[in-house]
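Since the structure comes first, as structure tokens, the remarks are kept for the end.
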Amino acid sequence: MSIDTPTTITNITELTAAPSLVSTAREPLPLVDPAKAAKLRAIIQARADTEREAARLRAENEQLRTAPVPADDPRMRHIWVAAALVAEQEEYCGQYDAIIDTVGGPSRQDLRDAGDLDRSFRVRTHITLEVWLEINAYSEDDAIRRVDSLYLADVREHLESHSLDDADLESWDAREAEADD
């Protein structure tokens with residue numbers, strides 16, 4: 001084996017090794033970037049966790065969908081309210097009460113006390129009151145004539161001095177009703 005040396009070098013200390021091909025080549029790049037690989041592993045783990053949670057929720061949903069619900073469960077209240085309203089409208093109160101005694105659930109009175117059965121109405125009512133009005137006149141007949149000829153505003157003015165405690169309620173008659181929304 002022979003060593004090739006340039007002809008101009010005469011001193012052995014000036015001789016250097018030829019550059020290696022390996023040292024001049026760059027370090028090979030990794031096939032996968034470690035940061036990207038960590039992110040991909042996190043995504044895969046999150047997906048697996050999500051799939052497990054979705055399976056758990058599907059099983060819970062199926063159980064809730066098919067599990068028996070007790071009669072006093074709050075989710076059943078709207079059904080009891082509807083049934084009680086129909087019972088009262090169609091005069092099935094005895095049947096409703098018998099069902100409640102058998103299977104449980106809120107009574108009509110419980111629903112009424114909670115405000116679920118009744119709602120507010122405005123009722124136009126004709127009421128007849130008897131009151132004594134103070135009228136200045138020269139005779140009893142004149143006083144009666146003067147009251148009979150009063151305008152509505154005058155009657156209201158005379159009534160302002162009276163309270164319902166002063167009035168004798170003679171009769172009342174409901175004429176119509178409308179929901180008070």
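Projected label points at E27 and H162, each 7 Å from Cα along the beta carbon direction, are separated by 10.8 nanometres.
All other residues whose Cβ lies under 14 angstrom from that of F121 are scored, Lys and Arg at +1 and Asp and Glu at -1, for a net of -1. Dipole check for the chain: with +1 at the C-beta of Lys and Arg, -1 at the C-beta of Asp and Glu, and the Cα centre as origin, the magnitude is about 2760 Debye. Loop-only chymotrypsin sites (Phe, Trp or Tyr not before Pro) in the range 103-181, please: DSSP not H, G, I, E or B, and at most 13 other Cβ atoms within 10 Å. Within the range 103-181, the qualifying chymotrypsin sites (Phe, Trp or Tyr not before Pro) (loop, at most 13 other Cβ atoms within 10 Å) are W132, Y138, Y151. Sparsely packed loop sites in the range 84-181 (the GluC sites (Glu not before Pro) outside DSSP H, G, I, E and B with at most 11 other Cβ atoms within 10 Å) comprise E90, E91, E134, E160.
Computed on the Cα atoms alone, the convex hull of the range 112-181 gives a volume of 154 cubic angstrom per residue.
Calculate, in nm to one decimal, what T50 and D110 gain on full extension: separation in residues at 0.36 nm each, minus their alpha carbon distance. Write down the numbers at each step before the final one.
Working: separation 60, 0.36 × 60 = 21.60 nm, distance 4.43 nm.
My answer for the length gained is 17.2 nm.
Computed from Cα atoms alone, the Kirkwood hydrodynamic radius reported for the range 59-141 is 17.1 Å. A convex hull fitted around the alpha carbon atoms of the chain yields 436 Å³ per residue. Protein heavy-atom accessible surface, 1.4 Å probe, per residue over the chain: 89 Å².
The values are calculated or read from the model by the stated rules, or taken from the named source; none is laboratory data. Quick caveat, the model's predicted, so the values are computed rather than measured. Glycine also receives a Cβ, built like all others from the backbone with ideal geometry; neighbour counts cover every protein chain displayed. Remember, those area values only see protein heavy atoms, side chains included, never the ligands or the DNA or RNA. Shrake-Rupley method; radii C 1.70, N 1.55, O 1.52, S 1.80 Å.
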